[in-house]
Amino acid sequence: MAKSTDETDARILALLERDAKMRIHLLARKVGIPASTAHHRIKRMEKEGIISGYTICKNYKKLGYGILAHVLVFVDVTELKKMKKTQQDIALALMRVPGAEKAEIITGEADLMLTLRCRDMEGYKGVLLGRIQAIEGITETRTIMAISE
């Protein structure tokens, strides 16, 4: 069973979230603990699954993806059952759409939400009309465009 985290662990996690490549000595100095203690705490949190990996943050605008869309996806569950499909099947199909970042089954009015990145509105239109709305089982979509990240 995982040991509960304390304030020091929380500070380590916050620093690593901002810069996963931060050197142990600098991190330890910012937290106010010896480097060996910081190293052991990080290793413990990795072992317990509190830290499960390190990643990068892409600058999508510099990569040419100026559109961030959250697509609410509606399905007819009765029809899905007739097709022997589930919402998870729809989520997997959505993840095969170009520019898909994540597809989540959600609660509320919609059934799923797709986070999608596109280069421009023409690209978005092509993906929405040509790929997303063509997935069997999807009955409706509504899109929320992000104007700032």
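Return a yes/no flag: does region 56-74 have any residue that is in a helix (DSSP H, G or I) and hydrophobic (A, V, I, L, M, F, W, C). Checked region 56-74: no residue is in a helix (DSSP H, G or I) and hydrophobic (A, V, I, L, M, F, W, C). Taking the listed residues ALA134, ALA110, the one that is surrounded by 14 or more Cβ atoms within 10 Å (Cβ to Cβ) and not in a helix (DSSP H, G or I) is ALA110, with no other qualifying.
Evaluate the following for VAL31: is it within 30 Å of GLU136 (Cβ to Cβ) and surrounded by 14 or more Cβ atoms within 10 Å (Cβ to Cβ)?
Values: within 30 Å of GLU136 (Cβ to Cβ): no; surrounded by 14 or more Cβ atoms within 10 Å (Cβ to Cβ): yes.
So VAL31 fails the test.
Residues in region 46-61 that are surrounded by 13 or more Cβ atoms within 10 Å (Cβ to Cβ) and not aliphatic (A, V, I, L, M): 3 in all. Taking the conditions (1) more than 16 Å from GLU136 (Cα to Cα); (2) hydroxyl-bearing (Ser, Thr, Tyr); (3) in the same structural domain as GLY123 (by TED's automatic domain parsing) in turn, THR86 satisfies each one other than (1). Could you tell me whether region 117-125 includes any residue that is touching a helix residue (DSSP H, G or I) at 6+ places or on another chain (Cβ under 6 Å) and either closer than 27 Å to ARG18 by Cβ or assigned by TED's automatic domain parsing to the domain that holds MET22 (or both)? No, region 117-125 contains no residue that is touching a helix residue (DSSP H, G or I) at 6+ places or on another chain (Cβ under 6 Å) and either closer than 27 Å to ARG18 by Cβ or assigned by TED's automatic domain parsing to the domain that holds MET22 (or both). Taking the numbered list (1) under 22 Å from LEU116 (Cα atoms); (2) exposed (fewer than 13 other Cβ atoms within 10 Å of the Cβ); (3) at pLDDT 95 or above in turn, GLY64 passes all entries but (3).
The values are calculated or read from the model by the stated rules, or taken from the named source; none is laboratory data. Source: prediction; values computed, not measured. Positions of Cβ are generated from backbone atoms using ideal geometry, with glycine treated the same way; all protein chains shown enter the neighbour counts.
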